[in-house]
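Enquirer: First, the structure itself, so that you have it in front of you.
The values are calculated or read from the model by the stated rules, or taken from the named source; none is laboratory data. This one's a predicted model, so the numbers in the text were calculated from it and none came from an experiment. Cβ placement follows ideal geometry from the backbone for every residue including glycine, while neighbour counts extend to all protein chains displayed.
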Amino acid sequence: MVDALDNLAVEAVGLTKVYGSGNTEVQALRGVDLSLSRGEVIALLGPSGAGKSTLLGIIGLVNQPTAGSITMGGQTVVAEGRFTVDVRSFRRKYMGFVFQKANLIPFLTAVENVQIAMEINDQPPRTARRRAMELLEYLGVSDRASHYPSMLSGGQQQRVAVARSLANRPNLILADEPTAALDSVRGRQVMELFRKVAHEQQTGVIVVTHDHRALDAFDRTLEMEDGRVRGEVLTSPAAKRSLTPQGPGGKGGPETSAGPP
Ligand SMILES: Nc1ncnc2c1ncn2[C@@H]1O[C@H](COP(=O)(O)OP(=O)(O)OP(=O)(O)O)[C@@H](O)[C@H]1O
Ligand SMILES: [Mg+2]
């Protein structure tokens, strides 16, 4: 996607989120600053209730923060706690989402689930179909293309969901515990895949995860606690090196050697 957001990087400043009021008030975010470079993959860690999903939802323009601002690719998308763009079309064009559960449409086949993401973005059906098949192949589930979600294993469903998140060549991928339903090998493959896509496509990726085993697939890890980012570590020197185009660390994951970004 070559247009105004080609340089997308996220810069979030002073994000706060208060749910409810009075007795039921919850301070979910207490002033979070976050910046994400192009092609960077970061992990968001932290205990239950720390505010990870809230932060992801706000960066994904699904929820409005109580205060704070966000720019993406230099464009202001949230100012003083208010959306300043048409969030639905912005999300559809520039963002890919993956959740803990695959959330596939049950009455569409695997390939149709991926295809429809492109069709609602005005891609002609034949182009969308072709790319959907390529993506399923890329994720190693093309042999299940004509299966309905109920006929797929949890891991296969999740890989279809990852294919769907890549469909529109997003500038930013947001994933909330995407590997929770996968075994450790598949989980690792999904993380490696995100890294490969990020580095090849210069896509920013933020993944909420509890899986400490896969952290070296990330460039940075942010640790959240009680609505704040408590600390930040460079997770992988290799991942960091491979941020440079053609760097030595960017060899990509298993089963992802060829195929569409
Ligand atoms: N819609 C809501 N209404 C009220 N409170 C909410 C709402 N969503 C989240 N919260 C509260 O905000 C805090 C942060 O929740 P959030 O879902 O962001 O945590 P999390 O870090 O994603 O946790 P987990 O690891 O369990 O998914 C929690 O205390 C939660 O109870
Ligand atoms: Mg959560």
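Enquirer: Kindly indicate whether any position in the stretch 32-45 is within 17 Å of residue 209 (Cα to Cα) and within 13 Å of ligand 2 (Cβ to nearest atom).
Expert: yes
Enquirer: Determine whether residue 185 is surrounded by 19 or more Cβ atoms within 10 Å (Cβ to Cβ) and more than 20 Å from residue 39 (Cα to Cα). If you could, list the steps in order and put the result at the bottom.
Expert: Numbers: surrounded by 19 or more Cβ atoms within 10 Å (Cβ to Cβ): no; more than 20 Å from residue 39 (Cα to Cα): yes.
Answer is no for this residue.
Enquirer: Okay, next question. Mind checking whether some residue in the stretch 204-213 is basic (Lys, Arg), part of a helix (DSSP H, G or I), surrounded by fewer than 20 Cβ atoms within 10 Å (Cβ to Cβ) and more than 16 Å from ligand 1 (Cβ to nearest atom)?
Expert: For the stretch 204-213, residues basic (Lys, Arg), part of a helix (DSSP H, G or I), surrounded by fewer than 20 Cβ atoms within 10 Å (Cβ to Cβ) and more than 16 Å from ligand 1 (Cβ to nearest atom): present.
Enquirer: Moving on to the next point. Considering only residues that are without any contact (Cβ under 8 Å) to a residue 60 or more places away in the chain and within 16 Å of ligand 1 (Cβ to nearest atom), which ones fall in the stretch 149-201?
Expert: Residue satisfying the conditions is 179 alone.
Enquirer: When you check residue 146 against the structure, is it in contact with a Ser or Thr (Cβ under 9 Å, 6 or more places away or on another chain) and in a loop (DSSP other than H, G, I, E, B), yes or no? Let's see the steps before the verdict.
Expert: Working: in contact with a Ser or Thr (Cβ under 9 Å, 6 or more places away or on another chain): yes; in a loop (DSSP other than H, G, I, E, B): yes.
Against the criterion (in contact with a Ser or Thr (Cβ under 9 Å, 6 or more places away or on another chain) and in a loop (DSSP other than H, G, I, E, B)), residue 146 qualifies.
Enquirer: Of the conditions (1) touching a strand residue (DSSP E or B) at 6+ places or on another chain (Cβ under 9 Å); (2) more than 30 Å from residue 49 (Cβ to Cβ); (3) crowded, with 24+ Cβ neighbours inside 10 Å, residue 172 clears all except one; give me its number.
Expert: Answer for residue 172: the failing condition is (2).
Enquirer: Can you tell me which residues in the stretch 191-231 are within 16 Å of ligand 2 (Cβ to nearest atom), at negative phi and not polar (S, T, N, Q)?
Expert: If the condition is that a residue be within 16 Å of ligand 2 (Cβ to nearest atom), at negative phi and not polar (S, T, N, Q), then 206, 207, 208, 210, 211, 222, 223, 224, 225, 228, 229 are the ones that fit.
Enquirer: Pick from the stretch 47-81 the residues that are away from ligand 2 (no atom under 16 Å from the Cβ), modelled with pLDDT of 95 or more and among the aliphatic types (A, V, I, L, M): which of them is surrounded by the fewest Cβ atoms within 10 Å (Cβ to Cβ)?
Expert: Looking at the filtered set, the residue picked out is 79.
Enquirer: A further question follows. Collect the residues in the stretch 115-143 that are of a type in the set (D, E, K, R), farther than 23 Å from residue 188 by Cβ and part of a helix (DSSP H, G or I), keeping them in residue-number order.
Expert: Pass one, the stretch 115-143, residues of a type in the set (D, E, K, R): 119, 122, 126, 129-131, 134, 137, 143.
If we keep only those that are farther than 23 Å from residue 188 by Cβ too, we end up with 119, 122, 126, 129-131.
Of everything in the stretch 115-143, those that are of a type in the set (D, E, K, R), farther than 23 Å from residue 188 by Cβ and part of a helix (DSSP H, G or I) turn out to be 119, 126, 129, 130, 131.
Enquirer: Can you pull out every residue in the stretch 82-97 that is surrounded by 14 or more Cβ atoms within 10 Å (Cβ to Cβ) and either farther than 18 Å from residue 66 by Cα or under 16 Å from the mean Cα position of the chain (by Cα) (or both)?
Expert: Keep residues of the stretch 82-97 that are surrounded by 14 or more Cβ atoms within 10 Å (Cβ to Cβ), which gives 83-85, 87, 90-97.
Correct list: 90, 91, 92, 93, 94, 95, 96, 97.
Enquirer: So if I check each of 144, 164, 188, which one is basic (Lys, Arg) and modelled with pLDDT under 90? Please lay out each step first, then the result.
Expert: Working: 144 fails: modelled with pLDDT under 90; 164 fails: modelled with pLDDT under 90.
Within the list 144, 164, 188, the selection yields 188.
Enquirer: To continue, here is another question. Tell me, which residue of the stretch 221-230 that is surrounded by fewer than 19 Cβ atoms within 10 Å (Cβ to Cβ) and outside any loop (DSSP other than H, G, I, E, B) is modelled with the lowest pLDDT?
Expert: Across the stretch 221-230, the extreme among qualifying residues is 230.
Enquirer: Which strands (runs of 3 or more DSSP E) does the stretch 14-114 wholly contain that include 3 or more residues that are touching a strand residue (DSSP E or B) at 6+ places or on another chain (Cβ under 8 Å) and of a type in the set (Gly, Ala, Ser)? Before you say what the answer is, go through the steps one by one.
Expert: Working: elements: 26-36, 41-45, 67-72, 75-79, 95-98.
Here the list reads 26-36, 67-72.
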